[in-house]
1. Which one of these does Asn231 not meet: (1) of a type outside the set (D, E, K, R); (2) within 30 Å of Ile142 (Cα to Cα); (3) assigned to a helix (DSSP H, G or I)?
2. Suppose we filter region 247-268 for residues that are within 24 Å of the chain's Cα centre (by Cα) and either surrounded by fewer than 24 Cβ atoms within 10 Å (Cβ to Cβ) or more than 23 Å from Leu534 (Cα to Cα) (or both); how many remain?
3. Which condition number in (1) farther than 30 Å from Ser307 by Cβ; (2) of a type outside the set (Phe, Trp, Tyr); (3) open to solvent by less than 50 Å² (accessible area, probe 1.4 Å) is the one that Gly414 fails?
4. Where residues in region 195-228 are of a type outside the set (D, E, K, R) and in a helix (DSSP H, G or I), which of them is surrounded by the fewest Cβ atoms within 10 Å (Cβ to Cβ)?
5. Scan region 144-164 and give yes if some residue there is under 30 Å from Asn346 (Cα atoms) and in contact with a Gly (Cβ under 7 Å, 6 or more places away or on another chain), otherwise no.
6. With (1) within 28 Å of Glu208 (Cα to Cα); (2) open to solvent by 10 Å² or more (accessible area, probe 1.4 Å); (3) out of contact with any Phe, Trp or Tyr (no Cβ under 7 Å at 6 or more places or on another chain) as the list, and Arg319 as the residue in question, which single condition is left unmet?
7. For region 322-335, name all the residues that are open to solvent by 10 Å² or more (accessible area, probe 1.4 Å) and either more than 13 Å from Ile415 (Cβ to Cβ) or touching a strand residue (DSSP E or B) at 6+ places or on another chain (Cβ under 7 Å) (or both).
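The values are calculated or read from the model by the stated rules, or taken from the named source; none is laboratory data. On a predicted model such as this, the values are computed, not experimentally measured, just so you know. Virtual Cβ from ideal backbone geometry, glycine too; neighbours counted across all protein chains shown. Note: accessible area is taken over every heavy atom of the protein model, side chains too, but ligands, DNA and RNA are not part of it. Shrake-Rupley method; radii C 1.70, N 1.55, O 1.52, S 1.80 Å.
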Amino acid sequence: MKKNTRNNLLIAISYSVILIVGMILGIKFIKDQGFGVHRGPQLAVNSDGKLEEILHIINKNYVDDINTDSFQNLPIDSVLHQLDPHSVYLPPTDAQDMTDNLEGNFEGVGIEYYMLNDTMMVTGVVKDGPAYQAGIKLGDKILSIDTAIVSGRNLPKDQLTGRFRGRAGSGVSVILLHSGTQVQSKLMVTRGKVNISSIDAAYMINPETGYVRISKFGANTDNDFAIAANNLKAKGMKKLILDLRDNGGGYFSAATGLADQFLPENKLIVYTQGKHEPRTDYFSTGSGAFQNGKLAVLINENTASASEIVAGAIQDLGRGIIVGRRSFGKGLVQEQFSFGDGSALNLTIARYYTPSGRSIQKSYKKGYDAYKHELDERMMDGELTGDRTSFQDSIEKAEGVTIQNSKKPKPSGGIQPDVFVKLDTAGYNKFYATLVSKKILSDYVFNVLTNKYNAGFIEQNINSFTLGDNDFKDFIGYIQRKNVQIDRFQLYNSKSVILSDLKALLCRYYLGDVGYYRSANQTDNAVKQALINLQ
C-alpha cells in the first residue's frame with residue numbers, strides 16, 4: 001500500500017532490522033500490505049459518479065453483508081474506512097505505482113541513488129538496464145537531469161522523485177562526475193523497460209543450505225524463485241531457508257504459485273470464500289522446483305497476507321518448519337476494480353483459509369491501536385527481549401503517543417511459529433534511533449567506509465572481516481563532526497548493532513541486496529535457529 005503502516009514505522013525506527021536508504025530512479029517502490037489482487041474490468045465512470053459506482057461494487061462484491069445506505073453522503077475514503085483497513089481507493093498515480101511494483105517491470109533508467117552531502121550519489125545500477133548501458137556506474141555523482149540541477153540545492157524529495165521516469169524510448173540527458181574524477185561528463189540515457197526480480201537475495205549460506213529472501217509477491221515471484229532454486233541446487237543445495245520476514249504480501253496467485261514449488265501433487269494450498277464468492281480451492285501441481293529437501297520458513301510480525309498463505313500451507317501440510325515470531329494476521333483477499341481515469345478500488349471480497357481450515361485474520365475493529373497494545377503485551381510476556389523502556393520510548397517518539405501498560409487480552413490471529421525466536425531489542429535505544437533518523441550510519445558508509453574498503457576486498461572477505469574498534473572510533477568522530485549530541489552510555493550500548501549495520505550497508509553498496517543479507521545473516525538469531533533445526 002502507498003502509506004506505511006504503523007508496524008512498518010515501528011520496525012524501521014525502533015529496531016531497524018533493515019536500513020536501506022535510496023530508491024530506484026524511474027522505479028517507485030511502495031510497500032504492499034497484503035493484497036491478493038485479482039484484476040476486475042475497467043470501469044468508465046466520471047468523478048461525480050464514482051462514489052455511486054463504488055457503493056454498487058461494495059454491495060455486489062464485499063466479503064460480508066454491509067448496509068451502504070448510510071454511506072451515500074460520505075467521501076470515498078470515509079466509506080472504505082467503515083469496511084476494513086485493507087479496502088482502499090487508489091488515485092491514478094498510486095494505482096499505477098502499485099501495479100508497476102508488483103508486475104516487476106518499469107519504464108525508467110534503473111539506478112538507485114542516495115542524497116549524500118546534498119549530492120545525488122549513485123548507489124546501485126540495474127545490470128543491463130538503460131543506465132548501465134549508458135555508462136553510469138556505482139559511486140557516480142549526478143549533477144543535473146535534463147535542465148534541472150539536482151545536486152547542491154537542497155531540493156525537497158518531491159522535486160527529485162520521478163526525474164528519470166518517462167516513456168520507454170525517450171531520452172534523458174545527465175551531467176555527472178564519474179567516481180574518483182572531477183571532470184564533468186554528459187550522457188544521454190534512453191529510457192526503457194527495467195526488469196526487477198522479486199527475489200531480493202539468493203545464495204548458499206553453507207555448502208548444503210540455500211537462503212532465499214522474498215519481500216513481496218509480484219507477478220513473477222514463483223518463476224523467479226524457480227530460477228533461483230535451480231541455480232542454488234546446481235551449487236549443492238539440499239536444504240533451504242525461505243525468508244518471508246517483513247513480506248507484506250502481493251498477488252494471491254504468486255503466493256499459491258510459490259507454495260506449489262515445495263509441495264507434491266494435489267495438496268490443498270489454500271481456499272477462499274466470501275459472501276459473494278463461493279469456496280474456491282487451490283491445489284498443488286507437483287511441478288515445483290524444491291519438492292524435496294528440508295525447508296525452514298522465517299516469519300515475523302510484518303509477515304502478512306500472501307506470505308502467510310505460504311507459511312500456513314507449509315505448516316499445515318508438515319512440509320517444513322516455521323521459525324520466528326507470530327505473523328501479522330491478514331487473511332483477506334482483495335480484488336482490484338479499475339476506473340477509466342486510472343484510479344482503482346482494492347476491495348476485500350473474500351477470506352482465505354489454510355489447508356486445515358484456519359482463518360488467521362486478526363480483529364481490525366479497533367484499528368491499529370490494537371497493534372500498539374500487542375507490542376506492549378509481547379514485551380511483557382517475554383516475546384521481546386532487551387530494554388523495554390527504551391523500546392517503548394522509541395515507539396512513543398515515533399508515533400507521538402503513550403502506550404498504555406494495562407494488561408489486555410492477547411490478540412488472536414496470525415501464524416504461530418514452530419520455533420519461536422524472541423526479538424532482541426538490546427542496543428536499539430533512542431540514541432540509535434536518532435542516528436538512523438539523521439541518516440548518520442548511511443552517510444558514514446558512503447563518505448568514509450567506501451574509501452577504506454573496495455569491492456574486491458568485500459567480495460573475498462565478506463564472511464570473515466569485521467569492523468573493529470578503530471572503525472568505531474572513527475565513527476564517533478564522524479558523529480561529532482555532524483554536531484550530534486552524543487549519549488555515550490547509549491552509544492556504547494549500541495556498539496555491536498552499529499558495527500553490524502555499517503558492515504551490512506557497506507556490503508550492500510558493493511554487492512547489492514545479496515551482499516546486505518550475506519552480512520546481516522551472520523548475526524541473525526532467526527537464521528541461526530533455522531540452521532540448527534535443519535540439521
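1. (2)
2. Pass one, region 247-268, residues within 24 Å of the chain's Cα centre (by Cα): 247-262.
Next cut, either surrounded by fewer than 24 Cβ atoms within 10 Å (Cβ to Cβ) or more than 23 Å from Leu534 (Cα to Cα) (or both) only: 248-257, 261.
Residues that pass the stated criteria total 11.
3. Gly414 satisfies all of (1) farther than 30 Å from Ser307 by Cβ; (2) of a type outside the set (Phe, Trp, Tyr); (3) open to solvent by less than 50 Å² (accessible area, probe 1.4 Å) except (1).
4. Selected residue: Ile227.
5. Yes, region 144-164 contains at least one residue that is under 30 Å from Asn346 (Cα atoms) and in contact with a Gly (Cβ under 7 Å, 6 or more places away or on another chain).
6. (3)
7. Those that are open to solvent by 10 Å² or more (accessible area, probe 1.4 Å) and either more than 13 Å from Ile415 (Cβ to Cβ) or touching a strand residue (DSSP E or B) at 6+ places or on another chain (Cβ under 7 Å) (or both): Arg325, Glu335.
Quick grid of which residues meet (1) out of contact with any Lys or Arg (no Cβ under 7 Å at 6 or more places or on another chain); (2) part of a loop (DSSP other than H, G, I, E, B); (3) open to solvent by 10 Å² or more (accessible area, probe 1.4 Å); (4) at pLDDT below 90:
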| residue | (1), (2), (3), (4) |
| --- | --- |
| Asp48 | yes, no, yes, yes |
| Glu52 | yes, no, yes, yes |
| Asn59 | yes, no, yes, no |
| Asn67 | yes, yes, yes, yes |
| Asn73 | yes, yes, yes, yes |
| Asp77 | yes, no, yes, yes |
| Leu80 | yes, no, no, yes |
| Asp94 | no, no, yes, yes |
| Asn101 | yes, no, no, yes |
